[in-house]
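The values are calculated or read from the model by the stated rules, or taken from the named source; none is laboratory data. Since we're looking at a predicted model, the values are computed, not measured. Every residue, glycine among them, receives a Cβ derived from its backbone with ideal geometry; neighbour counts consider all protein chains shown.
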Amino acid sequence: MTTLRYDTLCSVLILLHILVYTKAALRDILNVQHLPDTKFGPNEYSDDDREYSDVDDRDKGSLARPNNQQNTKDHLYSKADSYLDKEEQVITDTLDKNIIWDVQWGAQLKLTQASAVSVDPNGNVAIFHRGARVWDSNSFNNENKFDPNNGPIAQNTIILLDKNGRVISEWGKNMFYLPHGLTIDQSGNYWITDVAMHQIFKFDAQDVKKHMEELKNALVNPETSVTNNHASMLKPSIILGEAFIPGNTASTFCKPTDVAVHTNGDFFVSDGYCNSRIIKYNKKGELILQWGRLWNSREFVYPQSPPPYAFLVAHALALASELNYLYLADRENGRILCFFANNGTFHKEYKHPAIGTKIYSVAYAREKLYLINGPNLFISNPAPVRGFVLDIYSGKILSMFEPKKNMDNPHNLHVTEDGSEIYVVELNNKKVYRFLQGVNNSNSQSAKRHQHQILIHPDTENADIEKTNMTKLILGLGSAVVSFITICIAIAAIVARCQKRGYLRYLTARKRMSWEAERRENFKLTSLLENRRGRSFKFLEKRPNPRDFSKLNTEPETSEDERPENSLARVI
C-alpha cells in the first residue's frame with residue numbers, strides 16, 4: 001500500500017505540472033501585445049517656442065546660417081553626431097543606374113515652395129505647394145499661432161498632372177494658409193495638413209472629382225458660370241483640430257505634418273513640430289491611441305541616442321500595410337522609426353552615417369524603404385543630399401539616386417506601389433523630380449523568393465497579428481492534445497504497474513468479499529422484508545378462512561371453537 005500511495009502521489013504531481021503548463025500556453029494564446037498606457041507629464045511637452053524655433057527654420061524658405069549661433073550649434077550637433085550607428089558597410093558614391101531621372105517631366109511647371117507630392121489610384125500626380133506664401137520667421141508668434149488676418153492663399157495650391165507631366169486641373173484656391181502634407185489613399189481620398197491652421201482635412205474622392213469637373217466647366221464657359229467665385233469651396237468630410245489654435249490634446253494639434261492611411265480605413269497623423277507624437281484614428285475620425293513626445297533639444301548635450309518614443313520633428317509617415325508596419329521620419333534625429341501599426345509598439349530603427357543627421361521623408365514599396373535626407377549647415381562635411389533605398393530587414397543601403405547634381409532641400413517623396421516611379425518635391429529650388437526605376441522579372445522573382453523568408457525572418461515574427469495568433473492557437477491545441485495523451489499514458493502505466501504487483505487482484509478480492517457479506521446481510525433482513533412486503537396481499541388472498549373446515553386439508557387449529565368438548569356441549 002505504501003508503494004501504491006507513492007506512485008499515486010508522483011502521478012498527481014506530474015498531472016499538476018502538465019495542467020500548469022497548459023494553462024500558461026492558453027494564456028499566451030489570448031495575450032495580445034499592447035502599447036503600455038504611458039502618460040507623459042506636462043513638463044515633458046515643451047510649450048516654449050524657443051525649444052524648437054531653430055527646428056522650424058529648416059522648413060522655411062531661408063536656410064541662412066546665423067552667425068551668432070555658429071559655435072553653439074556646432075557643439076550641440078557634434079554631440080549628436082557622436083552616437084550615429086557605426087555599421088560596418090562600405091558605401092560608395094556611385095548612384096544606382098537602375099534609377100533614372102526623367103529630366104523633361106514637369107520642367108514646364110512654375111512652382112513655389114512645394115511641400116508634398118502624392119499619386120492617386122489612376123496614376124495621376126498631385127503636387128501641394130504654397131503659392132505666393134513663404135514660411136519664414138514671421139509666420140508664427142512665440143505661442144505658435146498664425147495670424148489668420150494674413151488670409152488664405154489666393155492661388156490654387158494643388159496641381160494634378162498625368163503621367164506625362166501635363167496639367168489636368170488645379171484647385172485649392174482660398175482654402176489653405178500654409179500647406180504641408182498631402183496623402184491620396186487607395187480610394188482616391190485627399191488627406192491634407194495645414195500647419196498654420198493646425199488642422200487635418202479629408203476630402204472624399206467623389207467630391208474632389210465633382211469639384212474638378214465644376215472647375216473645368218467654369219474655365220470653358222466663364223460667362224455662363226454663375227458660381228465661378230464659389231467653385232473652389234470644396235467641403236471636407238473630416239476636419240480634425242481647431243482652426244488656428246495650437247494644442248496638445250485629443251482635439252487640438254500643433255503644426256501637424258503628415259497622414260498615412262491603412263487599407264482598413266484607419267489612419268495615422270504625425271503631429272510633428274511642437275508635440276512630436278503619432279495619433280491613430282479609425283475611419284470615422286475617432287481616436288484609437290497615441291504615442292510619442294518631444295525630444296527636448298537640451299537633451300542633445302548628453303552622448304546618448306533619443307529613446308524610440310521621443311521625436312524631434314515627426315515629419316513624414318509611410319505604411320507597409322501587408323506587414324503591419326508604420327514608418328516615421330524622425331527628421332532632426334536623422335532616423336527612421338518602425339512601429340507596429342496595430343498598437344504602436346516599437347519595432348526597429350534605421351540610421352546610417354552615410355545618410356546624415358536629417359531625414360525629411362520616407363516611403364515604402366516592395367519591402368524597401370525610400371527616403372530623402374536634408375542639408376545640415378551646422379556640421380562640417382555633411383552628407384550629400386539625395387535619395388536612398390534601404391532594405392527593411394537588414395537596414396543596409398541598397399542604392400542611391402539623385403538628379404544631375406545633388407538636391408538642395410527636398411521636402412517630400414512618393415513611390416508608386418510597384419516601385420517603378422519615384423517623385424520628389426523641393427522647397428527652395430521649387431522643383432519636382434520624377435525618377436524611373438526598372439522593375440524586371442528578375443527583380444520580381446527575387447522579391448517572390450524573399451517572400452518565403454518573411455515567414456521565418458526574426459524581425460517579422462509579430463508582423464501579421466492574425467497569423468501569429470493562429471499559430472499560437474494551433475500550438476496551444478497541440479500542447480493540450482499532448483497533455484491529454486500523456487495523462488492517459490500515465491494512468492495506463494499506473495494501472496499496469498498495480499496489476500503487475502497484484503494490487504488490483506487484492507483490491508478485487510476485497511471488493512468481492514465485501515459484496516458477499518453485503519449479500520448475506522441483505523438475505524437475512526432486507527430481502528426477506530422486501531419479499532414479505534411484495535407478497536403480503538397475495539398471501540392473504542390465497543389463505544382460506546379458518547372457520548371453513550371443508551376447505552382445509554390439514555388438522556384444524558386449536559382454537560376455542562374447534563375443541564371437541566365445546567362442540568359436544570353445544571350439540572347437547
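Can you find a residue that is free of Cβ contacts under 8 Å to residues at least 60 places away in the same chain, in the same structural domain as Ser187 (by TED's automatic domain parsing), farther than 25 Å from Asn144 by Cα and touching a strand residue (DSSP E or B) at 6+ places or on another chain (Cβ under 9 Å) anywhere in segment 309-318? Among the residues of segment 309-318, at least one is free of Cβ contacts under 8 Å to residues at least 60 places away in the same chain, in the same structural domain as Ser187 (by TED's automatic domain parsing), farther than 25 Å from Asn144 by Cα and touching a strand residue (DSSP E or B) at 6+ places or on another chain (Cβ under 9 Å), which makes the answer yes. Just to be sure before I move on: is Phe146 in the same structural domain as Cys274 (by TED's automatic domain parsing), more than 23 Å from Asn429 (Cβ to Cβ), among the aromatic types (Phe, Trp, Tyr) and at pLDDT 95 or above in the structure I sent? For Phe146, the condition - in the same structural domain as Cys274 (by TED's automatic domain parsing), more than 23 Å from Asn429 (Cβ to Cβ), among the aromatic types (Phe, Trp, Tyr) and at pLDDT 95 or above - is met.
Just need a number here: residues in segment 407-439 that are part of a strand (DSSP E or B), of a type in the set (A, V, I, L, M) and surrounded by fewer than 22 Cβ atoms within 10 Å (Cβ to Cβ). Walk me through how you get there before you give the answer.
Step one: filter segment 407-439 for residues part of a strand (DSSP E or B), giving 410-415, 421-426, 432-437.
With of a type in the set (A, V, I, L, M) added as a condition, the list becomes 413, 415, 422, 424-425, 432, 436.
Still in the running and surrounded by fewer than 22 Cβ atoms within 10 Å (Cβ to Cβ): 436.
Number satisfying all stated conditions: 1.
Out of curiosity, is Ile127 within 33 Å of the chain's Cα centre (by Cα) and either closer than 19 Å to Arg434 by Cβ or of a type in the set (Asp, Glu) (or both)? Taking the combined requirement at face value, the residue satisfies it. Name the pairs: first residue in segment 395-406 and surrounded by 19 or more Cβ atoms within 10 Å (Cβ to Cβ), second residue of a type in the set (Gly, Ala, Ser) and in a strand (DSSP E or B), Cβ to Cβ under 6 Å, at least 6 apart or on different chains? Hits for this filter: Phe401/Gly387. Of the strands (runs of 3 or more DSSP E) entirely within segment 118-201, those holding at least 2 residues that are in contact with a Pro (Cβ under 8 Å, 6 or more places away or on another chain) occupy 125-129, 179-184, 190-194.
Can you find a residue in segment 97-117 that is over 33 Å from the mean Cα position of the chain (by Cα), touching a residue at least 24 places away in the same chain (Cβ under 8 Å), assigned to a strand (DSSP E or B) and over 23 Å from Asp418 (Cα atoms)? No, segment 97-117 has no match at all.
Of the strands (runs of 3 or more DSSP E) entirely within segment 248-357, none holds at least 2 residues that are among the hydroxyl-bearing types (Ser, Thr, Tyr), surrounded by fewer than 24 Cβ atoms within 10 Å (Cβ to Cβ) and modelled with pLDDT under 95.
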